[in-house]
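Written below as structure tokens is the structure these notes are about.
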Protein chains: 2
Amino acid sequence: MHTLLKTFLKNRTQLTEDSIEFICSHFTLRKTRRNQILLHYGETCQHYYFVNKGCLRLYTINKDGLETSRFFAFEGGFGTALPSFIEHSPAFEYLQTIEASELLQISRADFYTLVDTIPQFGLIYRQILELGFITAQKRIYGFQGFDALEKIRWVIQHQPDFLRRVSNKMAASYLGLSPSTLSRLKAKL
Amino acid sequence: MHTLLKTFLKNRTQLTEDSIEFICSHFTLRKTRRNQILLHYGETCQHYYFVNKGCLRLYTINKDGLETSRFFAFEGGFGTALPSFIEHSPAFEYLQTIEASELLQISRADFYTLVDTIPQFGLIYRQILELGFITAQKRIYGFQGFDALEKIRWVIQHQPDFLRRVSNKMAASYLGLSPSTLSRLKAKL
DNA sequence: CAAAAGCATTGACCTGGGGCAACGTTTTCA
DNA sequence: TGAAAACGTTGCCCCAGGTCAATGCTTTTG
């Protein structure tokens, strides 16, 4: 059950088998259905999730009812509503699994206890933050000045499975395009 | 010379006077001119900067020669080309002071030594990362679905001094608008 | 397993905001 | 301090990509 998570941990730091077991023991399995919502807008996020199977999506709905996808985590990735989780404040976003999924979840309290007591785990958290920061920057700034076609080429290049895995509608809302435009342009390669 | 930095540190954690002095002793003063470039595209960023006076800008120039401003740090703020600094790799951006400025700079090596040896400083770094992450998210996702006028209202609301302090051109490149559009819309309040 | 709801695709039409250029003002620097 | 360069503003034109709607396909659910 914790195989994938253990691999994740081993790939990032030197940790003894015992520490790894100890860390893993704080993660519990949660099975979810397609389109199941884990966190509603306005709720405070209490868990960090590791995706064992399936896919986690972070999104918002603006005042006009328009959905915007912010982030997707697939197998082997971590995800949560980070601003809410960090600041312990109501989220301005939703968290859902877009497929039937298996998540390993850890509570906020346990998470920060591990961060503060196991230096290696603190390091992993720092890496997650650093990487998250960099990835977000790259996506955003990489997109700056891109037209619709360039954005599509960009995802195909950087996340080859993305368009296959995610619905046209969600992909469009991630790229900041209308579903029609994405559909039209995909038809032209 | 280190007054502002000390205030910054004191506001964020409990640190003894000695630790604060010790931390500050690693920051050296650097005076720069208007439009002086501190880091060129392709160079590896070796310093973290604290702005004592003036303003630091992070920007890129794309293949068509178009400038995009990514981030501004004013008095009392930290700034650097974070992806390059973190990954110790060539930057895909420039760093400059857009006014004559006084910066307190710390070398990458010293910075990470402090992070690793003074837990409180590690905590401050974590806070900077968390905050940077959240701020970036808010700016980006806050802008999603905003039209030009809404973006302008957003900065006026959240960074009232910004439009006054920064040239029309730079503000436009930060907001993802053309200078003409920004100019036109400012005229209509 | 059939009705209903949701999604993808595509055509017709429309518009926000970008590009370009002209002109006045401000900044730069020899 | 004066010529040159850079910037801000504004008018005119145009197009990438949005909205809306029709059609057919796929998924959901009672």
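Structure summary
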{"quantity": "So A:Q144, is it more than 12 Å from DNA strand D (Cβ to nearest atom), at the interface with chain B (Cβ under 9 Å from one of its Cβ atoms) and among the polar types (S, T, N, Q)", "calculated": "yes"}
{"quantity": "One residue from B:K63, B:K6, B:K10 being within 14 Å of another protein chain (Cβ to nearest Cβ) and either more than 24 Å from B:P179 (Cα to Cα) or assigned to a loop (DSSP other than H, G, I, E, B) (or both)", "calculated": "B:K63"}
{"quantity": "Condition check for B:E75: more than 19 Å from A:I140 (Cβ to Cβ), modelled with pLDDT of 90 or more, touching a Gly at 6+ places or on another chain (Cβ under 6 Å) and part of a loop (DSSP other than H, G, I, E, B)", "calculated": "no"}
{"quantity": "Search result, residues across segment B:147-173 that are within 12 Å of DNA strand D (Cβ to nearest atom) and part of a loop (DSSP other than H, G, I, E, B)", "calculated": "B:D147, B:V166, B:S167"}
{"quantity": "Identity of the residue in segment B:151-170, within 12 Å of DNA strand C (Cβ to nearest atom) and of a type outside the set (D, E, K, R), that ends up surrounded by the most Cβ atoms within 10 Å (Cβ to Cβ)", "calculated": "B:I152"}
{"quantity": "Residue selected from segment A:171-184 under the condition aliphatic (A, V, I, L, M) and near DNA strand C (Cβ under 9 Å from one of its atoms), by the criterion nearest to the other protein chains (Cβ to nearest Cβ)", "calculated": "A:A172"}
{"quantity": "Check on A:D110, within 30 Å of A:F22 (Cβ to Cβ) and free of Cβ contacts under 8 Å to residues at least 12 places away in the same chain", "calculated": "no"}
{"quantity": "Residue list for segment B:117-145, filter: free of Cβ contacts under 8 Å to residues at least 12 places away in the same chain and not in a helix (DSSP H, G or I)", "calculated": "B:Q144, B:G145"}
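The values are calculated or read from the model by the stated rules, or taken from the named source; none is laboratory data. In this text the structure is predicted, and so the values were computed from the model without any measurement. Backbone-built Cβ (ideal geometry, glycine too); neighbour counts: all protein chains shown.
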